[in-house]
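A short write-up of the structure that comes next.
Any read-out appearing in this document is the output of simple, stated calculations on the displayed coordinates, not a laboratory observation. Only a predicted model underlies this, so the values are computations on that prediction, with no experimental measurement involved. Please note: Cβ atoms are built from the backbone with ideal geometry, for glycine as well, and neighbour counts cover all protein chains shown.
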2 protein chains.
Amino acid sequence: MTNDLSSLRNQYEELKALGLSLDIQRGQPADENFALSHGMLTCVGPADIVSPSGVGLCNYPGGLAGIAEARELFAEVLDIEADETLVGNNSSLKLLSDTLMWALLRGLREGEAPWNSEPRKMIVTVPGYDRHFTLLESLGFEMPTVPMTTEGPDLDAVEALALDPSVYGIVFVPTYSNPTGDTISAANVARLAAMPTANPAFTILADDAYRIHHLSDDRHEPSNLLRACEAAGNPDRVVLLGSTSKVTFAGAGLGFLGTSRANLARLTQLMGSEYIGPNKLEQYRHVKFLRAYPNGLEGLMADHAKLLRPKFEAVGQVLNRELGGTGLARWTDPKGGYFVSLDTTRPVAKRVVALAAEAGVTLTPAGASYPHRLDPGDSNLRIAPTRPPIQEVETGMAALALCVKLASAEYDAEHG
Amino acid sequence: MTNDLSSLRNQYEELKALGLSLDIQRGQPADENFALSHGMLTCVGPADIVSPSGVGLCNYPGGLAGIAEARELFAEVLDIEADETLVGNNSSLKLLSDTLMWALLRGLREGEAPWNSEPRKMIVTVPGYDRHFTLLESLGFEMPTVPMTTEGPDLDAVEALALDPSVYGIVFVPTYSNPTGDTISAANVARLAAMPTANPAFTILADDAYRIHHLSDDRHEPSNLLRACEAAGNPDRVVLLGSTSKVTFAGAGLGFLGTSRANLARLTQLMGSEYIGPNKLEQYRHVKFLRAYPNGLEGLMADHAKLLRPKFEAVGQVLNRELGGTGLARWTDPKGGYFVSLDTTRPVAKRVVALAAEAGVTLTPAGASYPHRLDPGDSNLRIAPTRPPIQEVETGMAALALCVKLASAEYDAEHG
């Protein structure tokens, strides 16, 4: 290997000369993933405008927490009961936002004070999901961080932070975490559910966006957080979130939420002042389409996995070939979800992103997986291989690997 | 006329013996109104998943303020520009709520303090829309009331209240007001736009839910509030709201919002932390269906009016026949919208609703058109004739008229 700086610079000039234009920045399904759900577009016609449970889908009433059939379906996804489930319009992030905004203005639970203390804090895991950070910042939360581990959030760190009464909870991804692909262990679920918290309003906001997004039969499924909280005597501690954004349509999916019946009664009372309910026809489209899909939701997710798995395998192959044994980086081999997380050994993530951009390869901005985009080690890169064709994934990964090598060599040259 | 109490009691017993079960409580379209839009259910298929402006409707990006085609369409409805328009998911009330919640947490405009003073107040018109009152109460606003007049909100009263720095604005329905059917005059639009306000955040929240819901060619259309505010040097003072709940589907419509470009930039920045955008496919269904409807939106609304006008005429005919010249009540003859407002001369609205309920006729609860359901005169009744078949409207109105007569006679007997 001729990994000396001038050789790498020559290789990089050759890369630039290719005039690439690749985007492996965001976790988006590919058009062939969306095509699996094209049947949903027209599956509800004039003969379907009264739901099986007797609700007129064109008119207002009957769906403040979603139509019964949708609550049943997505309760199955969250492994809870229909009357613990609320189905909204698109985007689980919007449901998270609505939940937090009501908590800030009125308190999440009956009789609870508004979450508007100064300061107010919400624990987040790092590396983590940039949109969580943006939302929490927008709502005025400070974000103490805890490391994401292969067993989920570092519970020693969480338990220590939970002793601060200005900490209102934790936001994290329990299954196939964004970006590391980690899933919380049963032991950590039990600890989260049972741990003492200084603030009685402490809430586990579990964004289970990738809960059913397995890449193979080697599945990671977390313990049931809602049941664990019940068992620990803290039945109202958790709010689960999920969506069909990466199941049916990212631009026209459904968000859903699971929590205790007491919390749900409170939330629907608050949300009931905002509207009569979400789009019922879109909910029934989902129900009718997903129930009729061969082998149901399970079958659809298996078809998604068939399309996505080769792209993740390509990432692993190229990174192994180009960076394996170099000691320049380590990366994840996720069993599900939408991302590969790569950490450079040197603090060169920003430089790698800049080099890649100059060569026509758009990566997620360095630091995006940390609050305020401040990655203290300047090392984490999020790779999103799901949308581009596999050839572009391979080309992009090779370019990324070269940029890691060049940035690392530059760093070593400068720092001896 | 044998309007003595015992005769009226006999008539009322005969009414009860009919065993009616009628609901003229809420402003809902009839199934034949919804049927006009059945074509929208399936009009967007796999060939339509890229919008004319080039946005992939299945994927995430491109629609934080709605897709371009929907913003153009609903800008026409609000008589403003597309880049002054945001199109969301269903329900304009939800958009009003989102707007107010961000205002409470962050301030509506760049650099504006959060609207969280204690007390905080929002002017409302009475009689008015019960869901406005419920939302404002839920968000902690006190609701000083001003009378709704045939020229819109009583501007002398509004101007006086606006001198209170804890007043953050006014919420009202500018066109075919709920429940009185009144439309704000050009003079009052100009006064609202130009009046001094103690609170620089003072905002006109104009819920223009019935803007295009004319019942005949005798149309009432308000002056353009956004342009009036611009002309008065207060370009950021107004937020317009509307929806297709009573245009296409109440359970699956679109809410939209119009405001200055500066306000819209701020709102989309805030909302951009909540989601990547609303359901783009539902937006394109609306655009494709409404653009293709014979004579467009205008044609659809004319078809709605054909179905609704006879019901409003029936209300007027029965009330005139039964109560005309009695001096027991006065009622509106709206040119659009969804309601007839009736005021009893005696303070008997609650008693009328109770009598009607006992006879199987469900009316909007007495007091609903006032904050906290407190109608100081106990006189206002909201009549919603749009959903029941015309025969039921006639039967219900006759029952209502009898209950007004009986309650009034009871009152006179008790109070001499």
Quickly estimate the mean residue ellipticity at 222 nm for chain B, helices only: each DSSP H run with n ≥ 4 gives -39500 (n - 2.57), and the total goes over all residues, rounded to 500.
-12500 deg cm²/dmol
Determine the sum of side-chain charges near residue A:18: Lys and Arg each +1, Asp and Glu each -1, restricted to other residues whose C-beta is under 14 angstrom from that of residue A:18.
-4
How high is the relative contact order of chain A, given as a whole-number percent (alpha carbon pairs under 8 Å, six or more residues apart)?
24 percent
R0 = 22 Å: FRET efficiency of residue A:218 with residue A:32, Cβ-based, nearest 0.05?
0.40
Between copies, how far apart are the residue A:39 label points? List them in nm, one decimal, shortest first, with each point 7 Å from Cα toward Cβ, please?
2.8
Positive dipole terminus of segment B:49-292, leading residue within B:235, B:167, B:56 (C-beta point charges)
B:56
Dipole moment magnitude, nearest 20 debye, segment A:300-416 about Cα centre, only Lys, Arg, Asp, Glu C-beta charged
320 debye
In angstroms, what radius of gyration and Dmax does segment B:64-186 have, counting Cα atoms only?
15.5, 42
So how do A:195, A:122 line up by other beta-carbon neighbours within 10 Å, fewest first?
A:195, A:122
About its Cα centre, what dipole magnitude does chain B give when the only charges are +1 on Lys and Arg Cβ and -1 on Asp and Glu Cβ, stated in debye to the nearest 20?
520 debye
Partner aspartates and glutamates for residue A:405 [C-alpha distance under 18 Å; skip if fewer than 8 residues away on the same chain]
A:4, A:13, A:14, A:322, A:343, A:358, A:378, A:394, A:414
Going highest first, how would you order A:25-34, B:170-179, B:92-101, B:367-376 by mean Cβ packing within 10 Å?
B:170-179, B:92-101, A:25-34, B:367-376
If you put a point 7 Å past Cα along the Cβ direction, how far is that point for residue A:118 from the same point in each other copy, in nm, smallest first?
1.4
Just to be sure I understand the curve: with the Debye formula and one point per C-alpha of segment B:1-70, what is log10 I(q)/I(0) at q = 0.19, 0.22 Å⁻¹?
-0.95, -0.99
Let me check I have the definition right: for segment A:338-416, take the eigenvalues of the Cα gyration tensor, multiply each by 5, take square roots. What are those semi-axes in whole Å, largest first?
21, 16, 9
Pick out, from B:371, B:97, B:399, the residue whose Cα sits farthest towards the positive end of the charge dipole of chain B, with +1 on the Cβ of Lys and Arg and -1 on the Cβ of Asp and Glu.
B:97
Averaged over the residues of B:267-278, the number of partner chain Cβ atoms within 10 Å of each residue's own Cβ comes to 6
Taking the Cα atoms of segment B:1-144, report the difference between the largest and smallest coordinate on each principal axis, in whole Å and largest first.
71, 50, 26
Summarise the partner chain shielding of A:244-256 as one whole number: the mean count of Cβ atoms from other chains within 10 Å of each residue's Cβ.
5
If one compares the long axis through the Cα atoms of helix A:261-271 with the longest principal axis of the Cα atoms of chain A, the angle in degrees, nearest 10, works out at 90 degrees
Virtual paramagnetic centre 7 Å along Cα→Cβ of residue B:117, amide N under 17 Å, in segment B:90-107:
B:103-107
What's the whole-number percent of alpha carbon pairs in the protein assembly as shown lying beyond 39 angstrom?
44 percent
Given the C-alpha centroids of segment B:390-409 and segment B:1-76, what is the distance between them in whole angstrom?
26 Å
Going down the table (A:16/A:306; A:288/B:288; B:16/B:311; B:246/B:280), which pairs top 31 Å between alpha carbons?
A:16/A:306
Quick check: residue separation of residue A:110 and residue A:415 times 0.36 nm, minus the Cα distance between them. What number comes out in nm?
104.0 nm
With a Förster distance of 41 angstrom and the Cβ-Cβ distance between residue B:11 and residue A:166, calculated FRET efficiency to the nearest 0.05 equals 0.05
Sort shortest first the distances from residue B:330 to its counterpart in every other copy, using label points 7 Å along the Cα-to-beta-carbon line, and give them in nm.
8.2
If you take the square roots of the eigenvalues of the alpha-carbon gyration tensor of chain A and sort them as a ≥ b ≥ c, do you get rounded (a/c under 1.5), prolate (a/b over b/c) or oblate?
oblate
Could you list B:132, A:38 so that the one with the fewest beta carbons within 10 Å of its beta carbon is first and the one with the most is last?
A:38, B:132
Per residue of B:133-146, how many C-beta atoms from partner chains lie within 10 Å of its own C-beta, taken as a mean?
2
antiparallel share of DSSP beta bridges within the protein assembly as shown, to nearest 5, in %, is 50 percent
Using the Cα centre of segment A:48-292 as the reference point, and only Cβ charges (+1 on K/R, -1 on D/E), how large is the resulting charge dipole? Debye, rounded to the nearest 20.
580 debye
Relative contact order in percent for segment B:49-292 (Cα pairs under 8 Å, 6+ apart) equals 26 percent
Rh (Kirkwood; distinct C-alpha pairs) - segment A:48-292, Å:
18.1 Å
Can you pull the semi-axes for segment A:206-350, root of five times each eigenvalue of the Cα gyration tensor, sorted largest first, whole Å?
35, 22, 15
